[in-house]
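The values are calculated or read from the model by the stated rules, or taken from the named source; none is laboratory data. Given the structure is predicted, the values throughout are model-derived calculations rather than measurements. Backbone-built Cβ (ideal geometry, glycine too); neighbour counts: all protein chains shown.
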Ligand SMILES: *Cc1c(COP(=O)(O)O)cnc(C)c1O
C-alpha cells in the first residue's frame, strides 16, 4: 500500500538517547530543556528572531489572531486546510474569502482589495503546498489599509523566498509540525515573530497567561512536551537531506508524467521550494475520480487536497463565491510524495495516471 505521505521516523536509538535525559531530569513538559534546545535550533535553522514551539499548527493561528487583537473581518483564502478558516471562526471573527490565483492557488491580491471594508482588520493567507504567496503585494495592501498580515505556513518549512525563510514574513507566521509535514514533532507547531513585545505576549499565551505567580494575561494551553521536542531534535538535522530526497522524487514525477492532460501549479520566481507536496490538476472532477480509482485499485492512495473549497463549508453563511478555488478544489490531486518513496513506485504511479487521463468514458 502506498499512501499520499509517510511520516519520517528517526533512528530509534537516537530518540531513546533524548528520552534517557528526560528520565533522569523527570521534567516532562512546561518549557523544558529539550523544548528550549529545539526552539534555539529552529531559530538558527530558519534565521528568525523569535519562535515559540507549540502543541499544533491550529492553536498558533488562534493565538496569532488573539495576539493581534483581531475581532472583526479577516480576509482569508478559500484554498487551504479547514484549520485556517476554523481558527478565524473559533476566535469569533468573520472570514471573508478572497479567491485564489489560477496559476499557483495562493490568495490573489487583486481579489483582496475589493473586499476591504472598515471592518477589515487582517489578512490570513496560506503558502499553499509551500508555494509563496504574493508577499510584496499583500504587504502593500496591508500598509495602505493598516491591516495585519498572518501567514499560515503549515506547508512552508524549509522553503525560502528571496533568500529568507518563507516563515519570516508578515506580522506573524505559523507552521505545523504535524506528523505528515516536511518537518515534524509528531504533533506540534510554532509561531514566529520579529517583535520582542509580541514574543513576550505569545510566551505567556502559550502557558495559561502566567509564569509561576506572575499572572500577566489570558492564555491557553498551547505548550508542547519534551517527548515531542525530542522528535524534533532528531528530525531537524535530517531535514535538508529529506527535502533533497523529495526534490529528487518530484523531478522523477516531472519527467514521467504526461503533461498534455495534466497541469502543475506554478511557483513564484525567488522561491526556493521545499517539495512538500506533488499536486496535479486534472481536466475535470470526473478525470480526477477516474485517476483516483485507477490508483486505488493498485493500492495507491492519493489525496484530494485541498478539498472542498473552504467557502463552501456548510457552516459558512452567507455563501461567498470563489469560482477559481471552487474549480481547483474539484480537480486537484496530491500524488504520493515522501523521502523514501521507491522510484519504481513513482514510475508505476505515472504509468497508471498517464493511462487513466486518456481514457474517455
Ligand atoms: C496541517 C495544516 C494545519 C494544521 O496544523 P495542525 O498541526 O494539524 O493543527 C493548518 N493549516 C494548514 C494549511 C495545514 O496544512
**Fill in**
Residues of segment 86-99 being crowded, with 24+ Cβ neighbours inside 10 Å and either part of a strand (DSSP E or B) or modelled with pLDDT under 95 (or both), in sequence order, are 97
**Asked** So is residue 123 crowded, with 20+ Cβ neighbours inside 10 Å, assigned to a strand (DSSP E or B), without any contact (Cβ under 8 Å) to a residue 60 or more places away in the chain and more than 10 Å from the ligand (Cβ to nearest atom) or not?
**Response** yes
**Message:** I'm checking my understanding of the structure. Among residues of segment 183-211 that are touching a strand residue (DSSP E or B) at 6+ places or on another chain (Cβ under 6 Å) and in a strand (DSSP E or B), which one is farthest from the ligand (Cβ to nearest atom)?
**Reply:** 193
**Asked** In segment 251-266, how many residues are under 22 Å from residue 338 (Cβ atoms) and assigned to a loop (DSSP other than H, G, I, E, B)?
**Response** 4
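Going by the conditions given, is residue 174 under 27 Å from residue 244 (Cα atoms) and surrounded by 24 or more Cβ atoms within 10 Å (Cβ to Cβ)?
Criteria met by residue 174.
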**Message:** When you check residue 45 against the structure, is it over 30 Å from residue 162 (Cβ atoms) and either assigned to a loop (DSSP other than H, G, I, E, B) or away from the ligand (no atom under 14 Å from the Cβ) (or both), yes or no?
**Reply:** no
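With the structure loaded, tell me whether residue 117 is within 16 Å of the ligand (Cβ to nearest atom), in a loop (DSSP other than H, G, I, E, B) and not assigned by TED's automatic domain parsing to the domain that holds residue 275 or whether it fails that test. Even if it seems obvious, please write down each step before you answer.
Details: within 16 Å of the ligand (Cβ to nearest atom): no; in a loop (DSSP other than H, G, I, E, B): yes; not assigned by TED's automatic domain parsing to the domain that holds residue 275: yes.
No; evaluated as a whole, the condition is false for this residue.
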**Message:** I'd like to verify a number: residues in segment 51-62 that are more than 9 Å from the ligand (Cβ to nearest atom) and either assigned to a helix (DSSP H, G or I) or surrounded by fewer than 19 Cβ atoms within 10 Å (Cβ to Cβ) (or both), how many?
**Reply:** 1
**Prompt:** Can you tell which of 109, 102 is at pLDDT 95 or above and surrounded by fewer than 19 Cβ atoms within 10 Å (Cβ to Cβ)?
**Reply:** 102
**Asked** If residue 117 satisfies every condition in (1) crowded, with 18+ Cβ neighbours inside 10 Å; (2) over 19 Å from residue 323 (Cβ atoms); (3) in contact with a strand residue (DSSP E or B) (Cβ under 7 Å, 6 or more places away or on another chain) but one, which is the exception?
**Response** (1)
**Request:** Report, by residue number, each residue of segment 129-182 that is within 9 Å of the chain's Cα centre (by Cα) and in a helix (DSSP H, G or I).
**Result:** 129, 130
**Item:** Condition check for residue 175: more than 25 Å from residue 85 (Cβ to Cβ) and either in contact with a helix residue (DSSP H, G or I) (Cβ under 7 Å, 6 or more places away or on another chain) or within 16 Å of the ligand (Cβ to nearest atom) (or both)
**Value:** no
**Prompt:** Got a sec? Which of 264, 303, 249 is surrounded by 19 or more Cβ atoms within 10 Å (Cβ to Cβ) and within 21 Å of the chain's Cα centre (by Cα)?
**Reply:** 249
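Which residues, taken from segment 63-85, are assigned to a helix (DSSP H, G or I) and either closer than 11 Å to residue 172 by Cα or more than 10 Å from the ligand (Cβ to nearest atom) (or both)?
Taking segment 63-85 as the starting set, the residues that turn out to be assigned to a helix (DSSP H, G or I) are 63-67, 82-85.
63, 64, 65, 66, 67 - these are the residues of segment 63-85 that are assigned to a helix (DSSP H, G or I) and either closer than 11 Å to residue 172 by Cα or more than 10 Å from the ligand (Cβ to nearest atom) (or both).
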**Fill in**
Scanning segment 13-34 for residues that are surrounded by 11 or more Cβ atoms within 10 Å (Cβ to Cβ) and either in contact with a strand residue (DSSP E or B) (Cβ under 8 Å, 6 or more places away or on another chain) or not in a helix (DSSP H, G or I) (or both) gives 27, 28, 29, 30, 31, 32
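Surrounded by 23 or more Cβ atoms within 10 Å (Cβ to Cβ) and at pLDDT 95 or above: is that true of residue 243 in this structure? Lay out the reasoning, then the answer.
On the way: surrounded by 23 or more Cβ atoms within 10 Å (Cβ to Cβ): no; at pLDDT 95 or above: yes.
Criteria not met by residue 243.
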